[in-house]
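Remarks on the structure that follows.
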């Protein structure tokens, strides 16, 4: 990180668990109009220790879009998404987005911002 931590209170979108992340020492950065925790620990060792106890990773401020319907998977593939055959798996895309195939007729596109956010915007 290059500057001081962003205060989640200063942006429109923030994690519902941001106070707990702050208590754990999280450092936040802006992502679009939101704040996302980028580290939780002052050192690599401290971060690794926190990761061992991490039960949930909050991605609520990331760009995302979901699609459901009898032809949703085929439609997503025609849009250029790499969606595999198995359900309940996430498939990485070339631009950094993830496509989670949830069922035979449902998928979710999750982007970390930048070009992957553009994928979400293009499909929305």
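All of the numbers you see were taken from the coordinates with simple rules; none came from a lab. Only a predicted model underlies this, so the values are computations on that prediction, with no experimental measurement involved.
Write down the Kirkwood hydrodynamic radius of the chain, to one decimal in angstroms, obtained as one divided by the mean of 1/r over all alpha carbon pairs.
Values: mean 1/r = 0.0628 Å⁻¹.
When all Cα pairs of the chain are included, the Kirkwood radius is 15.9 Å.
Just need the relative contact order of the chain here, percent rounded to a whole number, with Cα pairs under 8 Å and 6+ apart.
Working: 195 pairs, mean separation 23.0, N = 124.
Computed over the chain, the figure is 19 percent.
Using Cα atoms only, what is the angle between the long axis of helix 44-53 and the major principal axis of the chain, expressed in degrees (0 to 90) to the nearest 10?
Its long axis makes an angle of about 60 degrees.
Cα atoms only: what Rg and Dmax, in Å, come out for the stretch 8-53?
When restricted to Cα atoms, the stretch 8-53 yields Rg and Dmax of 10.9, 32 Å.
For the stretch 64-123, divide the Cα radius of gyration by the Kirkwood radius and give the resulting Rg/Rh value with two decimals.
Radius of gyration relative to Kirkwood radius: 0.92.
Given the DSSP H assignment, sum -39500 (n - 2.57) over each helix run of at least 4 residues in the chain and divide by its residue total; what's the result at 222 nm in deg cm²/dmol, nearest 500?
On the way: 4 runs with 33 residues, N = 124.
Computed mean residue ellipticity for the chain: -7000 deg cm²/dmol.
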